[in-house]
Amino acid sequence: MSIPNPRGEREKLITALTPQLRRHLKIRAFEHGMDIQDATEHAINAWYAADGLPEVKTDGAKTWGTFLPAGEPDRFKAACSERGVTYVQGLAQALTLWLDNHPSPTTPLVAQPVIRVIVANQKGGVGKTFISSGLAQALAEGGSRVLIVDYDPQGHLTAELGFEDLMYEDDVETLMMHMDGTAKGDIRDLLVALDQERFGERLHLLPASDDAFLRDVALSKVSFSEAALERALEPLEEDYDVIIIDGPPSLGLNMDTALYYVRRRDGELADRSGVITPVWANKASHRAFRLLKSQMDDLCKKGRIQVDYLGIIVNAYDSRRGKLVQANKEQWEKSSAPGVLAVIGDLKEGREAADGEIPLLEYAPDSEHAQVMRDLAKELAV
C-alpha cells in the first residue's frame with residue numbers, strides 16, 4: 001500500500017508496538033519537533049548501522065503501523081530476517097535506540113490542554129457507557145481529575161451511577177442551555193461527585209437531561225454549532241486532567257459537536273485526545289464503524305481539523321459464539337489505523353454493577369473487567 005506524500009511516495013509498515021514504547025515515542029518526537037512517522041524513519045535508519053543491540057521487552061505489543069519511504073518496509077523486514085529477530089523486536093530495538101540517542105530537551109514540553117475523549121458509536125448496545133464509565137473510574141482511581149459527560153439523551157450513564165432523578169429536575173439549567181447560550185448560571189452547578197473513597201473526590205459527572213433529545217434541532221439554530229460543546233465545557237477545563245464524553249447513539253450535529261471538541265488543538269500531541277469506538281465482533285459493527293468514520297472524515301475535511309482515532313475496543317467477545325464471531329474479531333485486530341486497544345470478554349460484572357447502580361471499580365475492583373479499565377487508563381496517561 002502506498003500513498004502520495006510531499007516527502008515522496010511512502011508505503012505502510014504494519015507491525016506491533018507496546019503501549020509504553022508508543023507513548024514515549026509520541027512525547028519525545030513532539031519534544032524534538034518531529035512527527036512520529038519521521039522519528040520512526042530515523043530510528044530504523046540508525047538501527048541498520050547498529051550492532052549487538054540488546055533484546056527489548058515486547059510483551060503486550062499491539063498492532064501498529066506507520067508510513068516509510070517506498071521500499072523501506074521490505075528493506076526493514078529483510079534486515080530483521082538477517083538478524084534473526086521478529087519485526088516487532090526489530091522495531092522495538094530501533095525505537096529504543098532512538099529514544100536513548102534523543103533525550104528530552106532541557107526546555108520543558110509546552111503545556112498541553114486537558115485530555116478530551118469521546119467514546120463513540122452510533123450503534124446502540126455495544127458498550128459505550130460501560131467503557132466511558134469504567135475508563136473514567138480507573139483514571140480517577142489512579143489520581144487523575146476526571147469529568148465524565150453523559151452526552152447520550154437516553155441517560156444510561158447517569159442512571160447507572162445512581163443519579164437518574166437529576167435528569168428530570170424542573171427549573172434547572174442544562175448542558176444544552178450552556179451550549180446554545182441561554183444559560184445564566186455557572187455550568188459547575190450541574191456537576192455531581194461520585195463519593196466513593198477510591199476516587200478521592202476526583203471523579204465528577206455532568207448528568208444527562210431530558211432536553212437532550214432535542215439537541216440536534218436546537219443546534220441547527222446555533223451559530224457555529226460545531227463548537228457549541230467546546231464553548232459550554234471551556235470553563236471547566238482547568239479543573240480536570242481528563243474529560244470523557246459518553247457519546248450519543250446517533251450521527252448528526254450532536255455527534256459533530258462532540259467530534260469537534262476532541263479535535264487535536266494547536267500544539268497538542270498527536271493521539272492524545274480523540275475517539276475510542278467500542279464494537280462487537282460482528283458485521284453490523286463493521287458497517288457502523290464505516291459510517292462513523294465517514295462522518296468524522298467529512299467533518300475534518302470541511303472544518304480543516306484533525307481528529308485522532310485513539311483505537312477500537314472489541315467488547316462482549318465470546319469465542320464460543322462460533323467461527324464468524326472469531327473471524328470478525330480477527331478482522332478488527334488486523335486494523336492498525338485505528339488499532340485494537342483491548343478485547344473485553346462477555347463477563348457479568350459490568351452488567352451487575354450497572355443494574356445495582358454501583359461504579360464497576362467499587363462493585364468488583366478485582367474483576368477482569370476492572371483490570372481492563374485500568375490498562376486502558378494507562379493508554380491515555382501521557
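The values are calculated or read from the model by the stated rules, or taken from the named source; none is laboratory data. Fair warning: this is a prediction, and the values are worked out from it, not measured in the lab. Glycine gets a Cβ as well: all are built from the backbone with ideal geometry, and neighbour counts include every protein chain shown. Accessible surface areas use protein heavy atoms only, side chains included; no ligands, DNA or RNA. Shrake-Rupley method; radii C 1.70, N 1.55, O 1.52, S 1.80 Å.
Assorted remarks:
- Relative packing of 308-321, 240-253, 217-230, which averages over residues the other C-beta atoms within 10 Å, highest first: 240-253, 308-321, 217-230
- Kirkwood hydrodynamic radius computed over region 302-382 comes to 14.6 Å, based on all pairs of distinct alpha carbons.
- Principal-axis analysis of the Cα atoms of the chain puts helix 87-101 at an angle of about 90° to the longest axis.
- Debye log10 I(q)/I(0) for region 1-153, one point scatterer per Cα, at q = 0.10, 0.11 Å⁻¹: -0.50, -0.59
- Residues of region 236-370: accessible area per residue with a 1.4 Å probe, Å²: 45
- Ligands, DNA and RNA left out, the 1.4 Å accessible surface of the chain is 49% carbon and sulfur atoms.
- Per residue, the convex hull volume that the Cα atoms of region 219-374 enclose (Å³): 147
- In order along region 298-304, the Karplus-derived 3J(HN,Hα) couplings, from 6.51 cos²θ - 1.76 cosθ + 1.60 at θ = phi - 60°, round to 5, 5, 5, 5, 6, x, 6 Hz, and Gly and Pro are given as x.
- Between region 147-170 and region 307-355, the Cα center-to-center distance that results, in Å: 25
- Cα lying deepest toward the dipole's positive end in region 1-156, options 32, 73, 140, charges on Cβ: 140
- Mean sequence separation of contacting Cα pairs (under 8 Å, at least six apart), scaled by the length of region 17-123, corresponds to a relative contact order of 41 percent.
- Dipole of region 261-314 computed with +1 at Lys/Arg Cβ and -1 at Asp/Glu Cβ about the Cα centre; of 296, 277, 267, farthest Cα towards the positive end is 296.
- Tail beyond 25 Å, pair distance distribution of the chain (Cα, percent): 58
- Remark: the chain carries a charge dipole of roughly 1980 debye about the Cα centre, counting +1 on each Lys and Arg Cβ and -1 on each Asp and Glu Cβ.
- Inter-probe distance in nm under a simple model that places probes 7 Å from Cα toward Cβ, at residue 335 and residue 195: 4.1
- Size descriptor, Kirkwood hydrodynamic radius, that averages inverse alpha-carbon separations across region 238-325, Å: 14.6
- With Cα atoms, 0 to 90° folded angle of helix 128-141 axis to the chain main axis: 80
- Summed residue charge, Cβ within 14 Å of residue 239's Cβ, Lys/Arg positive, Asp/Glu negative: -3
- Taking amide H positions as modeled 1.01 Å from N, with prolines and chain starts lacking one, the residues under 5 Å from residue 62 and 5 or more places away or on another chain are 17, 18.
- Sum of side-chain charges, residue 370 neighbourhood, beta-carbon under 15 Å (Lys, Arg +1; Asp, Glu -1): -2
- Using a cutoff of 8 angstrom between alpha carbon atoms and counting only pairs six or more residues apart, the relative contact order for the chain works out to 20 percent.
- Rg/Rg_globular for region 1-82, with Rg_globular taken as 2.2 N^0.38 Å and Rg from C-alpha atoms: 1.12
- 3J(HN,Hα) from dihedral phi, region 38-48, Karplus parametrisation 6.51/-1.76/1.60, rounded to Hz, x for glycine, proline: 5, 4, 5, 4, 4, 4, 5, 4, 5, 5, 4
- In degrees, nearest ten, helix 368-380 long axis to first principal axis of the chain (Cα): 70
- The residues of region 48-179 have, on average, 44 Å² of accessible surface per residue, using a 1.4 Å probe with all protein chains present.
- Estimated vicinal HN-Hα couplings, Hz - region 310-317 in sequence order (Karplus 6.51, -1.76, 1.60; Gly, Pro = x): 6, x, 10, 10, 7, 9, 6, 7
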